[in-house]
Structures are given as C-alpha cells and as structure tokens.
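Here is the structure we will look at, set down as structure tokens.
The values are calculated or read from the model by the stated rules, or taken from the named source; none is laboratory data. In this text, all values refer to a predicted model and were calculated from it rather than measured experimentally. Methodologically, a virtual Cβ is constructed for each residue, glycine included, from the backbone with ideal geometry; neighbour enumeration extends over all protein chains shown. All accessible areas refer to the heavy atoms of the entire protein, side chains included, with ligands and DNA or RNA removed. Shrake-Rupley method; radii C 1.70, N 1.55, O 1.52, S 1.80 Å.
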Amino acid sequence: MQPITRILARYAVDSRYENLPPAVRHEGLRAFVNYIGCAAGGSHEAHVELMVKFLAEFNGAANTPLVGRREKLDALNAAFINCMSSAALAFNDTHYATVAHPTSPVAAALLAMAQRQARRQKVSGQDLLHALILGVEIQCRVGSILTAPPAESAVGLSMQGLVGGIGAAVAAGKLLALDEAGMITAIGHAANQSAGIRQGQSTDASHFSPAHAARCGLQAALLAMQGFECSDNMLEGPKGFAVSFAKPPNPEAAIASLGQTFEISTLAYKPYPSGVVIHPIIDACLEINQQKSFDAAQIEHIELTLNPLAAKLTDLEEPKDRGQALVSLQHWAVATLVYKQAGIAEVANSVVRDPAISALRKKVRYTNDDTVGREAAHVRLVLKDGTALYAKVQHCRGSVKRPLTDDDITTKTRGQLRTVFAPDAAEKILEQSWEMANCADAAAFCGTLSIQA
C-alpha cells in the first residue's frame, strides 16, 4: 500500500498558491465568503449561546474573537464556537461525494490561527485562502477513502466528525509552515481524534461534531509543531483510519489525480437551510407551486421518490423543534408547498409545531429508488379534488450542475450578516470577504467579525 498520509502531507507542504488554477483559487474564495455568512447567521442560536456560557468556566487566554459576538475565547475554543455557529442552521457548504460540510471546521480553525500567528507575523489573506483550499481538498480526499466504491462506511458515522479535523489540521499546519514530518504528524493526531455518530442528528449533539473537529484539528497542528509524536501512517496503517471506518476502504482514492483535479471545485453551496439531500425535494415543491394555486386544506397527500440516502438521513415525520425540522424531509415538503418558499422562517418553532403543518406531514409518503441521484427527486402532489401535480428535479439548485453564482452567495451572505451586524457594517464585511486574496492582514479582518463591546 502506498504511504497515503505522507503523500498528502507532502502535497500540502509543497503546494504554492500561485500554482493553483485560477478557478480553484476563486472557489476557495467562494467557500470563504459563504462560511463568513453562515458563521454570523448561526452565532446566536440557542445551542451556541449555551456552549459559550459553558466554555467560559474552562476558557484559557481570552484573546480570540467570535464571529457575530462580543465574547473572546482562547484559540481552541474560538475555533469550536466559530465552527458550531456556521453549522447551526444547516446552511454550510457540502461535498456531495462524501456528504461532508468541509469549509466550516477548516475556516473556523484558520480564523483562530490567523489571530494567533499575527502576534508573531502577519498572515495575509492569500495565505489564509491557500490554507483553506488545502484543508478542504485533503479533507474531502480523505473522506473518499470511506465513500469511493468499493468503499462503504456505516451510515451511522458522521463524516463531519471523521474528516473535518483532518482538514482543519492541514489548514492550520500550512499557516504554521510545518514541514513534511510535521504535517504527517498533524494529520495523524487529527485522525486519532476522528469521531461522531449520526444518532445525534437533529439534536445539539449534531452541532457538536463539526465544532469538535475544528478544535481537534487545530490542536493536532499545534501538537505537531511542539514535537508531540504520532505514527506516520495513521490513515493507511493496518490499524489506522481507513480500515477502522470503512469495509472495505479505498485508500488510493485519496491520492488519485492529486494536484490535477480538485475536490473543492465540486462544492455545493446551499440555497436552503436544510440537509442537502432535502434540496431537490424543495426545488420540486417550488416548481409545483408555480403550476397551480392551491391552499393547505386542499392537499390530500404528497408522494416523493428519492435517493435512498435522503430517507436514511432525513426521515423525521414529527420534528419537535427547528433543530429537527432542519433535517426533516417531511417538514420541508409540507412547508415549501404551504408557504411557497423555503427559508429560515419556514422552520420557526411556531411553524414546526403548528397542528395543521403536523397533520400534513403525516400525509407525506416516500419511495426509495436507487436510480434517483442524490441531487434529484420526484414529487407528486394530489389534491382532494383528484388533481395531481408533478415535478421532477434532476439537479437541485446549488448542486455542481446548478451552482449558485457569486451574486447568489453575496445575497445569501448579506442576509445572514445583517442578522447580527448593522447594514453598513455587514456590507463592509461582505466587501472585504470577497477581497480576501488582496488582504495584507487577515487577523485585522478577523477582528472586524466580532461585535464591539
């Protein structure tokens, strides 16, 4: 077997920003802008508030800002919170092949690292973006060890928890200028902390997993810098990451066409705050809304034909609150048809607990179909007068085949920033985010992301 850990580490260490294709550099920028909005938009969710208060008792040096908040935490805990915030509303990006949300843990670790390194030497925006691209790329490639055929990983394992820390470690290690041996060690320590199970999905536990990955990845890079040793084949070793989390694993998938093709180019940015496998359902329901005017009382039942993964991850007929509704295919089908849109308002607790909406969720039926892609869905709405309305979506909005434009990402990010910042401040952050490649001091930018006391 090839030394997968070493090959990936060497690639990260040797990589130069100017050698990356322009399209890849731009995709890194898109991922960064999208992350900034998500981190701000989720920064005051109830579970984030709870965790900030909890960490205060154990916090170290309070010198690292939090996006959209007044508090400061130590670097490790700040990475934790800034990742948790970005995942809070299920609005973060997605790598379809692994169903990971790769930028959240990577960018959160980098914001903390940029602040930390600034006390020694300024980190440029270009340095930050380069590290982000590498962290996302290698994270997704390591995820392919578990998902690229013939590999198969248990559906109960959280991809966020398994690979997010590895991406964060690579990114932080790049800003630390780790050499090849150091980067191998950072990847190894991150892999050693891989964890997370999906049984906690739709609860606060599901937000803990990516946040913990961000903190673990940053810690892994800092441990490597201090010379804290680790095996040099943690990914491919006989008792390592690959064989522990997949049967059979596909280690070679991690290095296939390395440096020639880029997984970051396949990222999808969410137009809706929901589990990504629900997006084609939402799109199909929006299409049906355009076909005929009807109200909720006229709905007899709703028939869905789905990729089996959608039901495995999001079959939740009776969500109890917004957190669960975010990943309920039944709720989104009903809410989209009733309210004719699919935004944050449609998962408000008042909507989720509305008896009329609850009754309609019980009228949702679904059929699993292996021939339906992960980005596809068929929806058939039957009204009480016998009218049947049908829509088929082959590639949902935001997917690789129907990507959000830069303007779409701008609009999405602006809306999230304005939930915590005044309009003028939000606009300035948005403008500076898009100009990150020209930023001389990334730490100074990071400082503008907090709410001033």
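Which Cα, out of ALA345, ILE264, PHE228, lies furthest along the positive dipole direction of the stretch 217-369 (beta carbon charges, K/R +1, D/E -1)?
Highest projection toward the positive end goes to ALA345.
Label points 7 Å out from Cα along the Cβ direction at ASP441 and TYR339: separation in nm?
4.2 nm
Quick query: amide H of VAL364 versus all other amide H atoms, modeled in the peptide plane; which residues come in under 5 Å with a sequence gap of 5 or more or a different chain?
Distant-sequence amide H within range of VAL364: ILE302.
In the stretch 8-105, which chymotrypsin sites (Phe, Trp or Tyr not before Pro) fall in coil by DSSP and have 15 or fewer other Cβ atoms within 10 Å?
Qualifying residues, ordered by number: PHE58.
Just to be sure I understand the model, the point goes 7 Å from the Cα along the line to the Cβ. What's the resulting LYS122 to ASP179 distance in nm?
Each label point lies 7 Å from its Cα, and together they span 2.9 nm.
For GLN394 and GLU252, FRET efficiency with R0 = 30 Å and r from the beta-carbon atoms, rounded to 0.05?
Using R0 = 30 Å, I get an efficiency of 0.50.
Give me the number: length gained by fully extending ASP315 to LEU50, i.e. 0.36 nm times residue separation minus the C-alpha to C-alpha distance, one decimal in nm.
Taking 0.36 nm per residue and subtracting the Cα distance, the gain is 92.7 nm.
Considering only C-alpha atoms, what is the centroid distance from the stretch 134-185 to the stretch 337-367, in Å?
Each part's Cα centre sits 36 Å from the other's.
Which of the peptides 119-125, 132-138, 439-445 is most tightly packed, and how do the rest follow, going by the mean number of other Cβ atoms within 10 Å of each residue?
Result, highest mean first: 132-138, 439-445, 119-125.
Can you tell me the relative contact order of the stretch 128-265? Whole percent, Cα pairs under 8 Å, sequence separation 6 or more.
Value for the stretch 128-265: 37 percent.
Suppose we keep just the DSSP beta bridges with both residues in the chain; what percent of those would be antiparallel, to 5?
75 percent
Averaging over all projection directions, find the projected area of the Cα convex hull of the chain and quote it in nm² with one decimal place.
Projected area, direction-averaged: 20.4 nm².
Is the stretch 202-276 best put as rounded, prolate or oblate by its Cα gyration tensor, with a ≥ b ≥ c the root eigenvalues, rounded for a/c under 1.5, and otherwise prolate when a/b is larger than b/c, oblate when not?
In terms of gyration-tensor shape, oblate.
How much accessible area per residue does the chain have, in Å², with a 1.4 Å probe?
39 Å²
Could you sort ARG402, ARG215 by accessible area so the largest value comes first, with the probe set to 1.4 Å?
ARG402, ARG215
Taking the Cα centre of the stretch 225-289 as the origin and placing charges on Cβ (Lys, Arg +1; Asp, Glu -1), which of PRO273, ASN250, PRO238 is farthest toward the positive end of the dipole?
Among PRO273, ASN250, PRO238, the one farthest towards the positive end of the dipole of the stretch 225-289 is PRO273.
Quick one: 3J(HN,Hα) in Hz for the stretch 96-101, Karplus 6.51/-1.76/1.60 with θ = phi - 60°, rounded, Gly and Pro as x.
4, 4, 10, 6, 8, 10
Using a simple charge model, +1 on the beta-carbon of Lys and Arg, -1 on the beta-carbon of Asp and Glu, nothing else, what dipole does the stretch 282-321 show about its Cα centre, in debye to the nearest 20?
The calculated dipole for the stretch 282-321 is roughly 100 debye.
At what distance in nm do the modelled label points of ASP385 and LYS401 sit from each other, each positioned 7 Å from its Cα along Cα→Cβ?
3.4 nm
How much length is gained on full extension from LYS362 to SER265, taking 0.36 nm per residue of separation minus their Cα-Cα distance?
Full-extension gain reported as 31.1 nm.
Nothing charged except the Cβ atoms of Lys and Arg (+1) and of Asp and Glu (-1): what's the magnitude of the dipole of the stretch 1-98 about its Cα centre? Round to the nearest 20 debye.
220 debye
Would you please give the FRET efficiency between LYS239 and ALA296, computed as 1/(1 + (r/R0)^6) with r the Cβ-Cβ distance and R0 = 45 Å, to the nearest 0.05?
0.25
With +1 assigned to the C-beta of every Lys and Arg and -1 to the C-beta of every Asp and Glu, and no other charges, what is the dipole magnitude of the stretch 121-210 about the Cα centre in debye, to the nearest 20?
100 debye
Can you work out the Karplus-derived ³J(HN,Hα) for every residue in the stretch 345-353? Use 6.51 cos²θ - 1.76 cosθ + 1.60 with θ = phi - 60°, whole Hz, and x for glycine or proline.
3J(HN,Hα) across the stretch 345-353, in whole Hz: 4, 6, 10, 4, 4, 5, 6, 4, 9.
So if each residue of separation counts as 0.36 nm, and I subtract the Cα-Cα distance between ASP369 and GLU152, what length gain in nm does that give?
76.2 nm
Tell me which aspartates and glutamates have Cα within less than 15 Å of LYS412's Cα, excluding those fewer than 8 residues away on the same chain?
Counting by Cα, and skipping residues close in sequence, LYS412 has these aspartates and glutamates nearby: ASP93, GLU427, GLU431.
Checking the a/c ratio against 1.5 first, then a/b against b/c, what shape does the Cα gyration tensor give for the stretch 353-393?
oblate
For the chain, what does -39500 (n - 2.57) per DSSP helix run (n ≥ 4), summed and divided by total residues, give at 222 nm, in deg cm²/dmol to the nearest 500?
-15500 deg cm²/dmol
In square angstrom, rounded to the nearest 10, how much accessible surface does ASP179 have for a 1.4 Å probe?
Accessible area, nearest 10 Å²: 100 Å².
Quick one, could you list the DSSP H helices from the chain stretching 27 Å or more along their long axis (Cα atoms) with average Kyte-Doolittle hydropathy of -0.5 or above?
Helix filter hits for the chain: 22-41, 125-147, 204-225.
Over the chain, what is the relative contact order in percent, taking alpha-carbon pairs closer than 8 angstrom and at least six residues apart?
This gives 21 percent for the chain.
Counting other C-beta atoms within 10 Å, and keeping those with at most 16, which DSSP coil chymotrypsin sites (Phe, Trp or Tyr not before Pro) do you find in the stretch 211-300?
Within the stretch 211-300, the qualifying chymotrypsin sites (Phe, Trp or Tyr not before Pro) (loop, at most 16 other Cβ atoms within 10 Å) are PHE228.
In whole percent, and with a 1.4 Å probe on the protein chains, what portion of the accessible area of the chain is carbon and sulfur?
Result for the chain: 52 percent of the exposed heavy-atom area is carbon or sulfur.
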